[in-house]
Each structure stands twice: as structure tokens, then as C-alpha cells.
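Input: a single structure, listed below in C-alpha cells.
Just so it is clear, none of the values below were taken in a lab; they were calculated from the coordinates. If you're wondering where the values come from, they're calculated on a predicted model, not measured in any experiment. Here the Cβ positions follow ideal geometry from the backbone for every residue, glycine too, while neighbour counts run over all protein chains shown.
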Amino acid sequence: MNFINPFSFLSHQAFCGGVYSGINGTISSPNYPQAYPNFVYCLYTITVPYGGACLEFTEFNTEQSYDYVTIYEGVTLAKRIGRYI
């Protein structure tokens, strides 16, 4: 599966993300607990056993009007669960 970077027009880019599986785990933004760099595009794929998942954000801070977290169900990005700013 190929994903297109929506920030490809920017001259300075940073990418992060990964593939995670299992019944629990922790994901942190780059440079956490300090501020993350500008123009970072992160894509995390989380695979869980049949029955669903529970996501819990213990800290959530984004730069207003620029940053967000979008959660999708499935591998095609067709079913968006929500966008959080």
C-alpha cells in the first residue's frame, strides 16, 4: 500500500511512524516530551486482535490550525473514525 505525503510541497520534511501490533503499547511523537519538529508527517499502523481497540491519549497537544490526529478503521483509510485537533 502506498501513502502520499500531503506535505510533499514543503522544502523541509520529516517523517515518522511505524507498524505496531499486539494488545497494548505506547506511541509518542518525535522528540517527546519536548516539542516535535516543524513539518512532521507521521503515519502509524496499529493492528489488534479481532474485537477492536481502545485508544487512550494521556497527553494531547497540537499546534492550533496546523496539527491534528486522524484515526481510521481498516487498511484502506476509507472509514474515518475521527479527527482530533
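Some observations on this one:
- Once the Cβ-Cβ distance of VAL48 and ILE85 is raised to the sixth power relative to R0 = 25 Å, the FRET efficiency obtained is 0.55.
- For TYR72, residues with placed amide H under 5 Å, excluding near neighbours: ILE81
- Cα-based Kirkwood hydrodynamic radius, segment 14-84, one decimal, Å: 13.7 Å
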